[in-house]
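Student: What follows is a structure written as structure tokens; I'll ask about it next.
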């Protein structure tokens, strides 16, 4: 079980100076970035794919088009990335006819749409090379049936794909549904677990707002997050407790051991770079590395 951390200049500097250790960097699938990263740390790429429109193929969310499979597969091969990852995140514009439909109809349509899109990937590459990542609604960005554990179980079982368990997405989805987050996660298709993502969840105010203001982000962009509980931030006490529970479930054999646990704080791109605090990485990555490797002994 490897610990991966989002690639950032701050993270790479800590590794180069021997102040932190990681097994891999996690990177967006940007050829120019991948070609520039040097050093002894392997990297893998996280695909910008979203499924759930029901067209039989994912959407490349960076280009808003169908994927260029040749280019994407070449990048996965070059970086020794084990699988294509896709957010299981149907959006309202994907299914305008569902407005006003009964709940049972919405669930059935979304389940079938997710299956159709992931099946297109597994037919092309095989189920072992595809993982689906759980999402949360975030004020209606995604359609609620896609966060239901029973829907995700049906999709994973029907397609044979792996599960990329995003812990913060799961915790926020459970909050939206009004259920216990641990019970919610235990109801997911964990027998197919391949990868785990972890971040801190914090209220977006104070210094986080100030960081985006200093980076000259438009006020309307900042207001999207202001006052909200959001992920991709440093760990706080409750986040560490939750990660300890997760690792205990893996260590006990209750869950399969994932190949990768990825800490998704910091990164590249204007927004991630604006909120990357090197001192947070310096304090937190060694602690997480020790926890992950203790759990895999």
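Student: Can you compute the modelled spin-label distance between residue 210 and residue 283, with each label point 7 Å from Cα toward Cβ, in nm?
Tutor: Result for the modelled spin labels: 1.5 nm.
Student: Separate question: Using helices alone, what [θ] at 222 nm do you get for the chain, with -39,500 (n - 2.57) per DSSP H run of 4 or more residues, divided over all residues and rounded to the nearest 500? Write out the running numbers ahead of the final one.
Tutor: On the way: 12 runs with 126 residues, N = 297.
For the chain, the value works out to -12500 deg cm²/dmol.
Student: Another question, if that's okay. Starting from the Cα of residue 36, step 7 Å along the direction of its Cβ; do the same at residue 248; then give the gap between the two resulting points in nm.
Tutor: It works out to 4.3 nm between the two label points.
Student: Please compute the length gained on full extension between residue 9 and residue 237, using 0.36 nm multiplied by the number of residues separating them and subtracting their Cα-Cα distance.
Tutor: Values: separation 228, 0.36 × 228 = 82.08 nm, distance 2.60 nm.
Gain in length upon complete extension: 79.5 nm.
Student: What is the fewest-to-most order of 47, 27 by other Cβ atoms lying within 10 Å of their Cβ?
Tutor: Working: 47 25, 27 22.
In order of increasing Cβ crowding within 10 Å: 27, 47.
Student: Here's another thing I want to ask about it. Please state the relative contact order of region 139-242 as a whole percent: Cα pairs under 8 Å, 6+ residues apart?
Tutor: Working: 107 pairs, mean separation 28.2, N = 104.
RCO, region 139-242: 27 percent.
Student: List 263, 184, 138 from most exposed to least, where exposure is judged by having the fewest other Cβ atoms within 10 Å. Could the numbers behind the result be given before it?
Tutor: Working: 263 26, 184 19, 138 16.
With the fewest neighbours first, 263, 184, 138 line up as 138, 184, 263.
Student: In whole angstrom, note down how far apart the Cα centers of region 233-283 and region 138-173 are.
Tutor: 19
Student: What percent antiparallel are the DSSP beta bridges of the chain, to the nearest 5? Spell out each step's value before the answer.
Tutor: Values: 6 of 35 bridges.
Bridges in the chain that DSSP calls antiparallel: roughly 15 percent.
Student: Quick one: 5, 151, fewest Cβ neighbours within 10 Å first, how do they rank? Could you put the intermediate results ahead of the total?
Tutor: Values: 5 29, 151 19.
Ranked by crowding around the Cβ, least crowded first: 151, 5.
Readers should treat all values here as calculations from the given coordinates under stated rules, not as data from a laboratory. These numbers were taken from a predicted model, which means no experiment stands behind them. Reconstructed Cβ throughout: ideal geometry from the backbone, glycine too, with neighbour counts over all protein chains shown.
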